[in-house]
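Here, each number is a calculation from the coordinates, and none is a lab measurement. Note that the structure is a prediction, hence the values are computed from the model and not measured. Cβ: placed from backbone, ideal geometry, glycine included. Neighbour counts: every protein chain shown.
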Amino acid sequence: MKLVIAIIQPYRLEEVKKALYAADVNLITVSEVLGHGRQVGVDEFYRGVKETGNLLRKIRLEIAVNDNFVEPTINAVIKGARTGKIGDGKIFVVDLPRCVRIRTGEEGSKAIG
Amino acid sequence: METAAVNPISAGDTAWVLASSALVMLMTPGLAFFYGGMVRRKNVLGVLMQCMGTLALVSVLWVVYVYSLAFGKGSPFMGGLDWAMLNGVGQDAYADYSATIPHLAFMIFQAMFAIITPALIIGAFAERMKFSAFLVFTVLWLTFVYAPICHMVWAVGGWVRGMGALDFAGGTVVHINAGVAGLVTALFIGKRIGIDKPSLHNVPFVVLGGALLWFGWFGFNAGSALAANGLAASAFVVTNTAAAMAALTWAALEWIFSGKPTMFGTITGAVAGLVAITPASGFVDVTGALWIGILVSVFCYFAVSVIKPKLGYDDSLDAFGVHGIGGFWGAIATGIFASKAVNPAGADGLLAGNAAQVGIQFLAAGITVVYCALATWIICFIVDKTIGLRVKQEEEVMGLDLTQHHERAYTIIE
């Protein structure tokens, strides 16, 4: 089991969701985060006072999948999120040692889907 | 008796028109929140800035030269510059427009209409116009579309006014005009990136803004009597009635066609009702107001939920769908429901036996549609070819707040 974490541009979320559903990946968690990579943030002004390096709004997706779904998930996120410009985001894949479905107490591969 | 003629100013009328001017002023900030709630979070300040910017910009232009172009003596199509810098527009009454109130009171009341009209168009091109282009567009549109149409419809000697068209508070000059300009700008500037459906970020803002519009509209319509009299009271009552009926109707349509009535739909219905009753408010009774309210929600609901998706233009916040369609229906409805029993200075409509009035209403609305569409398109073309109308793609993606104004509305981490 793997946990796929993706940081994407907020406005690409709909496209990523569509691509994930098309790849039969239907379980995702979405949260709003702030951060920046090579875009190096953004300048803001408040009554003439400049604040540099402010963080940009991003969307973080968490998708727990069985091993055979890792590649389809990654491909779907790339398909939906890539524009070719700086700021498209990143995908992290980490090992997932355990997963429990709260309703039934099922564990592992069964619980994940 | 000569002393009475020397000073015809009525304290009551003056107080009501000044209070109405303040009410109509509040509509533009109300509109800012009505529209601001409907856009994505990254663009809310962009919309507020465009609305408040219009309030400031048009307030200045109006006293400098636009009031003169709109209401001053000139051709049947445009006024001259005699009243530039309010030269000759003073504290005394001016018989043509304001027999019982200071000319200045009439001027500032009209200023508020000139402010909200270009502000209404913002809904059509929201979330993608450059702020610099927006300012230039607004100056040109006010000068070459609003001023001539206002002159033709309302000024003494105006071309359309001479035809006998009824427009009590600005259904043609304000709502059809802004609605059509909205459709043209939406088509010209193209669709937003990454969006093909409403994307409200704050429905409470929409409701707050809609409620402020409803409140301000009493000044808009009842104030258009330009007197504290029975006609003002009548306009007040039919305005409230039409708004309420349209809100109920829109909610009922949603209940029937999509299962549940929504807050967003209900407040949209209320605003559509206010738009439609505007030209009719000084000429119809409550029966007319109820029918105008019911039917405007039917027409606008159909326009924004069925026709717009089929045609595929991106009128972001339905400036055309609500103000254009609602305004056009209001103009026609005035020709149907108008009655001299309500306003002896008006005319009878279809139901009172004067079918010709409907034709006059169609003609006046049609002239506005054609002139406004052509002139707005030319203005869009000129602004686009000189400084560019639309923000760059990456700016649109990041949002107007950060890219046009270097500030943001909300934080998620302190």
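Of the residues A:Gly35, A:Cys99, A:Thr73, the one whose Cα sits farthest toward the positive end of the charge dipole of chain A, with +1 on the Cβ of Lys and Arg and -1 on the Cβ of Asp and Glu, is A:Gly35.
Compared with the rule-of-thumb size 2.2 N^0.38 Å for a compact globular protein, region A:2-112 has a Cα radius of gyration ratio of 1.27. The residues B:Met112, B:Met263, when put in order of fewest to most other Cβ atoms within 10 Å, stand as B:Met263, B:Met112. Scalar couplings 3J(HN,Hα) for region A:96-107, obtained by applying the Karplus form with A = 6.51, B = -1.76, C = 1.60 to θ = phi - 60°, are 10, x, 8, 8, 10, 8, 4, 4, 10, x, 4, 10 Hz; x denotes Gly and Pro. Computing FRET efficiency as 1/(1 + (r/R0)^6) for B:Ala355 and B:Ala15, where r is the C-beta to C-beta distance and R0 is 51 Å, gives about 0.80.
The dipole here belongs to region A:51-113: it is taken about the Cα centre, uses +1 on the Cβ of Lys and Arg and -1 on the Cβ of Asp and Glu, and is about 260 debye. Note on region B:10-405: Rg/Rh from C-alpha atoms, Kirkwood Rh, equals 0.95. Here region B:241-352 is assigned +1 on the Cβ of each Lys and Arg and -1 on the Cβ of each Asp and Glu. Its dipole about the Cα centre then comes out at about 100 debye.
Positive contributions from Lys and Arg (+1) and negative ones from Asp and Glu (-1), summed over other residues with Cβ under 15 Å from the Cβ of B:Ala270, come out at -2.
Size estimate for region B:87-164 follows the Kirkwood approach: the inverse of mean 1/r over distinct Cα pairs works out to 14.4 Å.
One way to sum up the overall shape of region B:147-286 is the equivalent ellipsoid from its Cα gyration tensor, whose semi-axes run 29, 22, 12 Å, largest first.
Taking Cα centre as origin and charging only the Cβ of basic (Lys, Arg, +1) and acidic (Asp, Glu, -1) residues, the dipole magnitude of the protein assembly as shown rounds to 1380 debye. Taking region A:53-83 and a reference point 7 angstrom along Cα→Cβ of A:His36, the backbone N atoms nearer than 12 Å belong to A:53-57. The Cα atoms of region B:1-122 cover 63, 33, 21 Å along the three principal axes, with the biggest extent listed first.
Karplus-derived 3J(HN,Hα) values for region B:395-411, using 6.51 cos²θ - 1.76 cosθ + 1.60 with θ = phi - 60°, are 6, 5, 5, 6, x, 5, 4, 6, 8, 8, 10, 6, 8, 10, 7, 10, 10 Hz; glycine and proline are entered as x. The long axis of helix A:13-22 is offset from the longest Cα principal axis of chain A by roughly 20 degrees. Normalised by 2.2 N^0.38 Å, with N the number of residues, the alpha-carbon radius of gyration of region B:34-106 equals 1.51. Projection of the Cα convex hull of the protein assembly as shown, averaged over all directions and equal to a quarter of that hull's surface, yields 28.6 nm². Ordering B:Trp217, B:Pro309, B:Gly293 by the projection of their Cα atoms onto the charge dipole of region B:202-343, which places +1 on the Cβ of Lys and Arg and -1 on the Cβ of Asp and Glu, puts B:Gly293 at the extreme positive end. FRET efficiency for the pair B:Val237 and A:Arg101, taken as 1/(1 + (r/R0)^6) with r the Cβ-Cβ distance and R0 = 56 Å, rounds to 0.40. In this structure the amide hydrogen of A:Ala64, modeled in the peptide plane, comes within under 5 Å of the amide hydrogens of A:Val4, none closer than 5 places in sequence on its chain. Using only the Cα atoms of region B:289-414, each taken as one equal point scatterer with no solvent, compute I(q) by the Debye sum, divide by I(0), and report log10 of the ratio at q = 0.10, 0.17 Å⁻¹. Cα-only, vacuum Debye calculation for region B:289-414: -0.55, -1.03. Using the basic label-point model (7 angstrom from Cα toward the beta carbon), what is the B:Phe302 to B:Leu135 distance in nanometres? Result: 4.3 nm between the two label points. Among B:Ile277, B:Ile325, the ranking by other beta carbons within 10 Å of each residue's beta carbon, starting with the fewest, stands as B:Ile325, B:Ile277. Calculated mean residue ellipticity at 222 nm for the protein assembly as shown: -17000 deg cm²/dmol, from DSSP H runs with n ≥ 4 weighted as -39500 (n - 2.57), summed, divided by the residue count and rounded to 500. Using θ = phi - 60° in the Karplus curve 6.51 cos²θ - 1.76 cosθ + 1.60, the 3J(HN,Hα) couplings for region B:246-257 round to 5, 4, 4, 5, 4, 4, 5, 4, 5, 4, 6, 8 Hz; x is entered for Gly and Pro.
Set the Cα radius of gyration of region A:57-113 against 2.2 N^0.38 Å, with N its number of residues, and you get 1.38. The angle between the Cα long axis of helix B:325-337 and the main principal axis of chain B comes to about 30°, on a 0 to 90 degree scale. Under 5 Å from the amide H of B:Gly349 lie the amide H atoms of B:Ala338, B:Ser339, B:Lys340, B:Asn354, each residue being 5 or more positions distant or on a separate chain, with H modelled from the backbone and absent for Pro and chain starts. Applying 1/(1 + (r/R0)^6) with r as the Cβ-Cβ distance of B:Thr386 and B:Met263 and R0 = 45 angstrom yields a FRET efficiency of 0.60. Relative to the dominant Cα principal axis of chain B, helix B:11-36 is inclined by about 10°. Each of the peptides B:267-273, B:386-392, B:70-76 was scored by the mean count of other Cβ atoms within 10 Å over its residues; in descending order, highest first, they stand as B:267-273, B:70-76, B:386-392.
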